[in-house]
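To keep things clear, I will list the structure first and then write my remarks on it.
The values are calculated or read from the model by the stated rules, or taken from the named source; none is laboratory data. These numbers come from a predicted model, not from an experiment. With ideal geometry, Cβ positions are generated from the backbone for all residues, glycine too; neighbour counts draw on all protein chains shown. Note: areas computed on protein heavy atoms with side chains; ligands, DNA, RNA excluded. Shrake-Rupley method; radii C 1.70, N 1.55, O 1.52, S 1.80 Å.
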Amino acid sequence: MQRAKAVEGAVVTSTVANMMNRDHMRAFFRRAAALVAFVALLWAIHLLNWIIGYGLNPAFGLIPRHVSGLDGVIAMPLLHGSFAHLMANMPPLLVMGGLLVATTTRALLPVNAVVIGFGGGLVWLFGGSAIHIGASGLVFGWFGFLVVRGFVDRSLITLGAALVVGVLYGSILWGVLPGQPGVSWEAHLFGAIAGAVAAFLVRTHVHAPRLGDVDLD
């Protein structure tokens with residue numbers, strides 16, 4: 001009898017584990033599809049922008065301390081000044097977006113809301129007088145989130161993601177320094193800050209063992 005119950009319990013446990021794995025895979029593919037759709041949206045908007053002579057940039061770009069430029073807090077990541085500008089943002093956006101898709105089980109919308117809303121709001125309040133456009137602020141936000149989350153969450157997965165991002169793109173931190181013509185260093189700086197803030201405010205519930213003996217003090 002006890003053996004029969006043990007076998008039954010093992011079957012139930014295996015069934016539940018399989019269902020959870022299927023749910024996680026479905027969620028992963030949904031997140032991956034959302035990333036692909038976002039990239040496609042960037043290209044579609046840029047093609048339209050190019051056709052109309054980049055008229056969307058002054059109309060919807062972020063203009064600091066101007067009410068008419070406040071909608072740029074949302075629109076800034078969607079607009080670019082050239083095909084070269086958009087292409088330059090593609091590799092880090094795909095790498096960091098892929099790491100988010102692979103290591104974050106939920107809460108991507110709140111993370112992006114903090115990065116876009118808080119980071120863009122800081123640019124609107126403190127940015128230089130210019131039209132700020134480009135997805136690089138979002139990329140820096142993801143960079144800040146992935147790195148800081150690794151130390152906040154202290155799981156092997158998130159620490160590994162932080163290590164990958166640091167090795168591949170640690171040099172982009174130079175982009176937060178002023179003095180580069182045509183580069184919105186404010187969007188880079190405030191995006192990274194917003195990403196770090198999101199790592200503390202939004203728990204992404206990564207299902208992985210944590211390193212309990214890591215001392216972060």
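Some values worked out for this structure:
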{"item": "Whole-number D in µm²/s for the stretch 40-93 (Stokes-Einstein; Kirkwood sum over Cα pairs; 4 °C, 1.567 mPa s)", "result": "113"}
{"item": "Relative packing of peptides 109-118, 51-60 - highest average C-beta neighbours within 10 Å first", "result": "109-118, 51-60"}
{"item": "Space enclosed by the convex hull of the alpha-carbon atoms of the stretch 93-141, per residue, Å³", "result": "64"}
{"item": "HIS66 - accessible surface, heavy atoms, 1.4 Å probe, Å² rounded to 10", "result": "100"}
{"item": "Percent of alpha-carbon pairs separated by more than 19 Å within the stretch 54-155", "result": "45"}
{"item": "At R0 = 35 Å, FRET efficiency that the Cβ-Cβ distance of PHE83 and PHE29 yields, to 0.05", "result": "0.75"}
{"item": "Average accessible area per residue (Å²) across the stretch 52-98 - probe 1.4 Å, nucleic acids and ligands excluded", "result": "44"}
